[in-house]
Amino acid sequence: DQQVKQNSPSLSVQEGRISILNCDYTNSMFDYFLWYKKYPAEGPTFLISISSIKDKNEDGRFTVFLNKSAKHLSLHIVPSQPGDSAVYFCAASASTGNQFYFGTGTSLTVIP
Amino acid sequence: DAEITQSPRHKITETGRQVTLACHQTWNHNNMFWYRQDLGHGLRLIHYSYGVQDTNKGEVSDGYSVSRSNTEDLPLTLESAASSQTSVYFCASSESGRLMVGQYFGPGTRLTVT
């Protein structure tokens with residue numbers, strides 16, 4: 001059973017606008033959440049993370065929001081740039097272990 | 001610079017053959033993982049290891065095995081390759097207890113089983 005879900009397989013956004021990528025999880029034991037970015041023919045790379053004691057974490061153009069009651073997190077990219085075009089994976093982990101559970105990914109296309 | 005490498009990057013094999021994919025990391029991480037990426041499934045965990053001589057089954061371990069004889073390497077073996085194992089395989093490593101920085105991934109191995 002998929003414990004981390006990304007229900008939008010793809011998203012297209014105009015350059016300069018906001019990109020919002022969504023992720024839902026089912027396991028209430030998860031307390032660390034991460035976003036990875038993946039370009040074709042490369043491995044995923046870590047982008048930004050948040051722990052369950054926070055509801056927002058910001059790093060430059062990237063902000064992750066966490067809504068624990070809804071078991072939902074989102075990644076905001078503002079402003080979006082063509083170089084942001086990639087597949088974005090959401091991942092979650094519980095502090096009791098070292099495993100990460102990944103979503104199915106959202107392919108973002110930023111149109112110049 | 002520390003890194004994680006995978007070899008080969010591309011492999012074509014026949015059904016029934018044994019195949020071993022290599023993963024080598026110089027981060028000195030205790031934790032190592034193997035994933036496969038398939039369309040519509042994202043990254044699924046095959047096997048993982050938390051240290052030398054430690055191995056554990058992941059979500060999709062059937063038909064795969066790993067061994068951990070040192071910190072740097074976690075080879076993945078397909079005992080008898082099947083067409084359903086055609087996929088892109090990623091190796092990853094992480095430092096114990098540092099969940100906020102996630103895992104470091106290798107560049108992937110594209111395996112085709114004919």
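Modelled label positions at A:Glu42 and B:His41, each set 7 Å beyond Cα in the direction of Cβ, lie 2.5 nm from each other. Per-residue Cβ neighbour counts within 10 Å put A:Val87, B:Val66 in the sequence A:Val87, B:Val66, beginning with the fewest.
Note on chain A: Cα-only Rg and Dmax are 13.4, 43 Å. Dipole orientation for chain B: of the candidates B:Trp34, B:Ala81, B:Gln6, B:Ala81 has the Cα lying most toward the positive pole (charges on Cβ; Lys, Arg +1; Asp, Glu -1). Structure remark: mean-square fluctuation, Gaussian network model of chain B, C-alpha springs under 10 Å; the largest value among B:Gly97, B:Gly40, B:Gly63 belongs to B:Gly40. Using a Gaussian network model of chain A in which every pair of alpha carbons under 10 angstrom is joined by a spring, one finds that among A:Leu73, A:Leu21, A:Leu47 the greatest mean-square fluctuation is at A:Leu47.
Distances between placed amide hydrogens fall under 5 Å for B:Gly58 paired with B:His47, B:Tyr48, all partners being 5 or more residues away or on another chain.
Amide H to amide H distances under 5 Å link A:Arg17 with A:Ser80, where only residues 5 or more positions off or on other chains count and H is placed in the peptide plane. Sequence-distant contacts, meaning Cα pairs under 8 Å at least 6 residues apart, place the relative contact order of chain A at 38 percent. Ranked for footprinting exposure by Cβ neighbours inside 10 Å, fewest first, A:Ile111, A:Ile53, A:Ile20 give A:Ile53, A:Ile111, A:Ile20.
Using only alpha-carbon positions in the protein assembly as shown, the gyration tensor eigenvalues give semi-axes of 30, 20, 16 Å once each is multiplied by 5 and square-rooted (largest first).
Summarising the label geometry, the points placed 7 Å from Cα in the beta-carbon direction at B:Ser7 and A:Met29 lie 3.9 nm from one another. For A:Ser107, the residues 5 or more places off, or on other chains, whose built amide H falls under 5 Å of its own are A:Ser10, A:Leu11, A:Tyr88.
Sort segment A:36-77 into rounded, prolate or oblate with this rule: let a ≥ b ≥ c be the square roots of the eigenvalues of the Cα gyration tensor; rounded if a/c is under 1.5, and if a/c is not under 1.5, prolate when a/b is larger than b/c, oblate otherwise. Cα axes put segment A:36-77 in the prolate bin. Listing A:His72, B:His24 from fewest to most neighbouring C-beta atoms within 10 Å gives A:His72, B:His24. If R0 is taken as 22 Å, the Cβ-Cβ distance between A:Ser52 and A:Lys5 corresponds to a FRET efficiency of 0.80.
Where is the GNM fluctuation largest for chain B (alpha-carbon springs, 10 angstrom cutoff): B:Ser83, B:Ser49, B:Ser93? Its mean-square fluctuation being the largest, the pick is B:Ser83. Peptide B:95-107 has a mean shielding of 6, counted as Cβ atoms of other protein chains within 10 Å of each residue's Cβ.
Put simply, chain B fits an ellipsoid with semi-axes of 23, 14, 13 Å; these come from the alpha carbon gyration tensor as the roots of five times its eigenvalues, largest first.
If only the Cβ of Lys and Arg carry +1 and only the Cβ of Asp and Glu carry -1, the dipole of chain A around its Cα centre is close to 100 debye. Distance between the C-alpha centers of segment A:36-112 and segment B:12-82? Whole Å please. If we compute the Cα centre of each part, the gap is 24 Å.
A short reminder: the numbers here are calculations on the coordinates, not readings from a lab. Because the structure is a prediction, the values reported are computed rather than measured. Methodologically, a virtual Cβ is constructed for each residue, glycine included, from the backbone with ideal geometry; neighbour enumeration extends over all protein chains shown.
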